[in-house]
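See below for the structure under consideration.
The values are calculated or read from the model by the stated rules, or taken from the named source; none is laboratory data. Because the structure is predicted, anything quoted here is derived from the model rather than measured. Note that each Cβ is placed from the backbone with ideal geometry, even for glycine, and that neighbours are counted across all protein chains shown. Each accessible area value is taken on the protein alone, full model and side chains, heavy atoms only, with ligands, DNA and RNA left out. Shrake-Rupley method; radii C 1.70, N 1.55, O 1.52, S 1.80 Å.
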Amino acid sequence: MAHFGSNAKPFEISKEEFKNIVAAFRLPDCGLRLSKELLEKTQLDIAVTGESGCGKSTFINAMRGMTSDDKGAAPTSAVEKTTVPTAYPYQHRENVKLWDLPGIGTPNFMAETYLQRVNFHRYDFFILVFTERIRENLILLADAVQNMGKQFYFVRSKIDNDIEASKRRKKQFNMEEILQKIRDDCTNHLTTWGLKYPHIFLLSSFDIGKFDFLQMQKVLEEELPEHKRNAFLLSLPNISQHVVDKKKEALKTEIWKLATLSCTIAVLPVPGLSIACDIAILIKAIRGYLMDFGLDEESLQKVAQKINKPVETIRSVVRSQVASTEITTQLVTQLLMKNGNGALMTFEYFMRNIPLVSGGISFATTYYLLRSILDDLAEDAKRVLLRSLEG
């Protein structure tokens with residue numbers, strides 16, 4: 001891997017990334033191909049179902065970083081209200097949707113006809129939510145999903161209630177032992193019904209980052225195709241530093257594509273610099289980073305409301321220039337000029353290793369700028385997360 005940086009601020013370019021860049025530059029109409037690829041956002045449709053009252057709507061809201069009071073949240077009720085499959089897209093990633101399906105076992109949605117009635121083929125995978133114990137209807141549904149060749153994952157919701165009940169019953173309380181016992185009981189019950197290697201995650205929708213959330217994220221990463229995986233990661237709320245790091249890695253895979261577009265499609269000279277690039281592409285990318293990392297104004301306001309603190313308390317830990325001012329052509333031009341030394345090192349390295357077409361210095365400059373901004377914003381997102389946890 002290659003390391004670059006100005007003022008001891010290194011980053012890496014992997015062999016896989018170099019391989020992709022070389023392959024792209026050898027293709028005719030490279031810029032147009034990449035433009036189409038970036039514009040056609042990967043669709044990810046996740047079905048969430050379970051028996052009435054299992055907490056699937058609350059789970060959907062938690063996965064989207066929302067509460068039931070937020071605009072656009074899935075309505076929650078002890079009585080099943082979902083009568084048709086209803087899509088809930090992520091606020092800043094509308095290509096990723098969680099589908100609230102009608103509760104299985106209700107008179108209109110019996111197990112034997114359920115998949116046909118909810119349009120089974122629309123979804124990439126199924127999340128089957130239950131509480132206390134897994135009933136026969138849900139097992140029959142899982143078996144049907146398995147037979148049709150799609151993935152499914154069980155979520156044991158409201159696990160915080162089980163933990164609190166165990167605390168009251170037992171003098172010697174060991175949370176890990178209790179959680180493992182619940183997992184084992186669920187696994188044994190499912191395998192008895194012939195389900196092969198079922199994934200079971202214990203979660204609390206009121207504290208989504210606890211218990212098995214990171215394990216669920218890891219399994220989905222491993223089992224989803226790469227393009228679907230990145231769409232899933234970028235849709236997650238910032239509930240841990242691990243999630244922030246995963247988002248950063250996912251966004252990093254697109255930077256060379258953005259840099260290529262910026263220096264190959266309708267480029268204009270940048271005033272004061274000996275490069276040409278499409279600054280509008282950079283502005284759009286940076287604004288997207290802010291939303292993906294929850295550093296836009298609306299997201300910061302939501303964090304402040306959640307911990308009942310002034311938004312200035314949250315903003316005070318944000319250090320990146322692009323996160324604290326409006327993203328304009330003037331600002332991006334200034335940043336391009338400011339990062340000249342690092343961009344030159346990047347350009348020299350690329351020239352030694354990749355047969356870049358004309359515009360190589362423009363490519364290297366925009367590449368370096370986006371990588372630097374991505375690093376800074378990821379660190380800001382972690383600081384905001386820690387401040388919110390303090391709150």
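Does L202 meet the test of being out of contact with any helix residue (DSSP H, G or I) (no Cβ under 6 Å at 6 or more places or on another chain), aliphatic (A, V, I, L, M) and closer than 19 Å to K158 by Cβ? Here the answer is no, as L202 does not meet what is asked.
Can you confirm whether Q146 is under 18 Å from C186 (Cα atoms), modelled with pLDDT under 90 and among the polar types (S, T, N, Q)? For Q146, the condition - under 18 Å from C186 (Cα atoms), modelled with pLDDT under 90 and among the polar types (S, T, N, Q) - is met.
Looking only at residues in segment 368-380 that are farther than 17 Å from T329 by Cα and open to solvent by less than 10 Å² (accessible area, probe 1.4 Å), the one that is farthest from the chain's Cα centre (by Cα) is Y368. Taking the criterion of being acidic (D, E) and buried (at least 19 other Cβ atoms within 10 Å of the Cβ), the only residue of segment 205-250 that qualifies is D212.
Are there any pairs, at least 6 apart or on different chains, whose C-beta atoms fall under 8 Å, with the first in segment 361-389 and closer than 20 Å to N238 by Cα and part of a helix (DSSP H, G or I) and the second open to solvent by 10 Å² or more (accessible area, probe 1.4 Å) and among the acidic types (D, E), and if so, which? Filtered contacts from segment 361-389: A378/D245. One residue alone among S240, S235, S204 is in contact with a strand residue (DSSP E or B) (Cβ under 7 Å, 6 or more places away or on another chain) and of a type in the set (S, T, Y), and that residue is S235.
For D376, the conditions (1) closer than 21 Å to K248 by Cβ; (2) at pLDDT below 85 all hold with the exception of (2). Look at (1) assigned to a helix (DSSP H, G or I); (2) in contact with a helix residue (DSSP H, G or I) (Cβ under 7 Å, 6 or more places away or on another chain); (3) not small (G, A, S) and you find that R287 fails only one, number (2). Of all residues in segment 181-204, those satisfying the criterion of being surrounded by 14 or more Cβ atoms within 10 Å (Cβ to Cβ) and not in a helix (DSSP H, G or I) are L195, P198, H199, I200, F201, L202, L203, S204. Enumerate the pairs (first residue in segment 138-158 and more than 16 Å from V48 (Cβ to Cβ); second residue anywhere and modelled with pLDDT under 85 and charged (D, E, K, R)) with beta-carbon separation below 8 Å, excluding pairs fewer than 6 apart on the same chain, so at least 6 apart or on different chains. Every condition considered, the pairs that remain are L140/E112; Q146/K196. S166 falls short on exactly one of the conditions (1) open to solvent by 70 Å² or more (accessible area, probe 1.4 Å); (2) in a helix (DSSP H, G or I), and that condition is (1). Of all residues in segment 149-159, one or more are open to solvent by less than 10 Å² (accessible area, probe 1.4 Å), of a type in the set (V, I, T), over 28 Å from T253 (Cβ atoms) and more than 18 Å from the chain's Cα centre (by Cα). Selection over segment 179-212 of residues that are more than 26 Å from S57 (Cα to Cα) and either in contact with a His (Cβ under 9 Å, 6 or more places away or on another chain) or in contact (Cβ under 8 Å) with a residue 12 or more places away in the chain (or both) gives a count of 3.
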